[in-house]
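Working notes for the structure below.
The values are calculated or read from the model by the stated rules, or taken from the named source; none is laboratory data. Remember, predicted model here, so these are calculated numbers, not experimental data. Here Cβ is always computed from backbone atoms with ideal geometry, including for glycine, and neighbour counts include all displayed protein chains. Calculation scope for accessible area: heavy atoms of the full protein, side chains included, ligands and nucleic acids excluded. Shrake-Rupley method; radii C 1.70, N 1.55, O 1.52, S 1.80 Å.
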Amino acid sequence: MSRATEEEECVASWCADDDWCTVTCTAHLIGKKWHPVIVHRLLEHGPLGFNALKDEIESISSTVLSNSLEDLEDNGLVNRAIVSEKPFRVEYSLTEQGSSLEPVINAMDAWGEEHLQETSCN
């Protein structure tokens, strides 16, 4: 069962300033290196097990993925569900709040397509 319930209408968030800033708070939730990538893969593929999600994000370590999923779960953006106990299998999916990030992630993807180019290392 998720640590955050789906009935929550908003996500409690830390803010860097005395004045509430929604951009700062949103960046705090998804601004870590792998968080938008994890959300993107879950939007793209739907619920995934840990190993399947790791396969979708080639260069992430198991420890970083585990910590990132725990952070996203703590912030109410990802659900963790035990699918089977023998063998033990966990599946990750987006909460309603996590799914609502789709336009933000799509905008990041579109911006990257328009303004970034892949560099090659020789």
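Expressed as a whole percent, the accessible surface of region 19-98 that belongs to carbon and sulfur atoms is 49, based on a 1.4 Å probe. The charge dipole of region 21-122, taken about the Cα centre with unit charges on the Cβ atoms of Lys, Arg (+1) and Asp, Glu (-1), comes to about 320 debye, rounded to the nearest 20. Based on Cα contacts under 8 Å between residues 6+ apart, region 28-122 shows a relative contact order of 29 percent. The distance linking region 69-122 with region 34-52 is 4 Å (Cα centroid to Cα centroid, whole angstrom).
Max-minus-min Cα coordinates of region 16-122 on each principal axis give 47, 45, 23 Å, with the largest extent listed first.
Loop-resident GluC sites (Glu not before Pro) (DSSP state other than H, G, I, E or B) in region 20-109 with no more than 12 further Cβ atoms inside 10 Å of their Cβ: E58. Return the FRET efficiency for the residue pair E118, S59: r is the Cβ-Cβ distance, R0 is 22 Å, and the value is rounded to the nearest 0.05. With R0 = 22 Å, the Cβ-Cβ based efficiency is 0.95.
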